[in-house]
1. Let me know the shape class of the range 85-234, please: from the alpha-carbon gyration tensor, a ≥ b ≥ c as square roots of the eigenvalues, rounded when a/c is under 1.5, otherwise prolate if a/b is greater than b/c, or oblate.
2. Within 10 Å, Cβ to Cβ, of residue 134, how many net charges do the neighbouring residues add up to if Lys/Arg are +1 and Asp/Glu are -1?
3. Given axes a ≥ b ≥ c from the Cα gyration tensor, I'd like to know whether the range 130-199 is rounded (a/c under 1.5), prolate (a/b larger than b/c) or oblate.
4. What size of dipole, in debye to the nearest 20, comes out for the range 75-222 about its Cα centre when the only charges are +1 on Lys and Arg C-beta atoms and -1 on Asp and Glu C-beta atoms?
5. How much net charge surrounds residue 155 when only the other residues with a Cβ under 13 Å from the Cβ of residue 155 are counted, with Lys and Arg +1 and Asp and Glu -1?
6. In square angstrom, rounded to the nearest 10, how much accessible surface does residue 175 have for a 1.4 Å probe?
Amino acid sequence: GKILPRQVELIYILPILRRLKQSIHTPPNTPNQMAPKSKFSTSRERATNPLVWCGAIICTILTIAVIIGGIVTFIGYLVIHPRVPYVSVMDAHLDHIQIDYEGILEIQVTILIRAQNGNEKAHASFSDSSYSLSLNREVVAQLVAPPFEVGKNSSVDFNYVVPSSPIPLRPDQAEDVDAGLKKDLIIFDLKGSSRVRWRIGSLGSVRYFCRLDCQLRFHPLNGTYIPSRCSSKAK
């Protein structure tokens with residue numbers, strides 16, 4: 001029963017030959033077999049949510065509508081070339097001013113206010129026109145006008161003749177008026193507004209306020225008005 005050296009070699013060599021034979025006849029693993037399948041591998045496996053598509057479509061429609069609206073507005077502005085209506089003081093005159101020793105003030109002022117519409121293709125409507133005239137922080141008169149229309153490229157004048165009833169002044173107010181008479185300079189404050197509505201062609205109507213906030217200066221000796229800018233028109 002002894003194992004000869006030749007037999008020992010065969011015992012160790014035969015298993016090695018069998019492994020080589022198996023490796024030759026076994027096909028190699030393909031990439032598809034080697035790589036694990038990813039659950040995010042294709043877009044077909046995860047369908048896009050319909051809400052996402054609806055949101056994208058709505059955003060696209062809104063964007064196109066805004067662009068078209070901007071183009072239409074720009075073209076309309078170029079064609080119509082709208083001008084903003086405004087009000088302004090054109091002239092004034094201090095007809096009468098008097099203050100007695102008891103500080104009772106009596107005045108009469110004439111003020112010409114013009115509503116101007118420079119649009120050639122649109123009327124303008126004015127309403128709620130009200131302006132307060134004050135002297136040394138004391139309101140001496142209220143200038144009002146009923147609703148009125150201003151035609152295309154035209155204007156409407158309001159000639160306010162403002163007589164005031166006797167106005168009792170405080171001692172400091174009476175001193176200021178007396179000092180103004182001696183300097184031959186009386187300053188009134190005019191504040192107020194008119195509501196304006198006008199249509200810009202097919203683009204729609206616009207509503208806003210024409211506001212006045214300015215000073216009217218007079219020479220009381222002859223009642224003349226010292227011209228100064230008093231208008232709601234932008235500079």
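The values are calculated or read from the model by the stated rules, or taken from the named source; none is laboratory data. The shown structure was predicted, so the numbers you read here are calculated from the model rather than taken from an experiment. All Cβ positions, glycine included, derive from the backbone under ideal geometry; neighbour counts span all protein chains shown. These area figures cover heavy atoms from the full protein model, side chains too; ligands, DNA and RNA do not enter into them. Shrake-Rupley method; radii C 1.70, N 1.55, O 1.52, S 1.80 Å.
1. Numbers: a/c = 2.99, a/b = 2.52, b/c = 1.19.
Prolate, because a/c is 1.5 or more and a/b exceeds b/c.
2. Values: positive: 137, 191; negative: 138, 189.
Every neighbour counted, the sum reads 0.
3. Values: a/c = 3.16, a/b = 2.63, b/c = 1.20.
Taking the square roots of the gyration eigenvalues as a ≥ b ≥ c, the range 130-199 is prolate.
4. Working: 15 positive and 17 negative charges, 235 e Å.
My answer is approximately 1120 debye.
5. Working: positive: 83, 114, 152, 233; negative: 149, 157.
Computed value for this residue: +2.
6. 130
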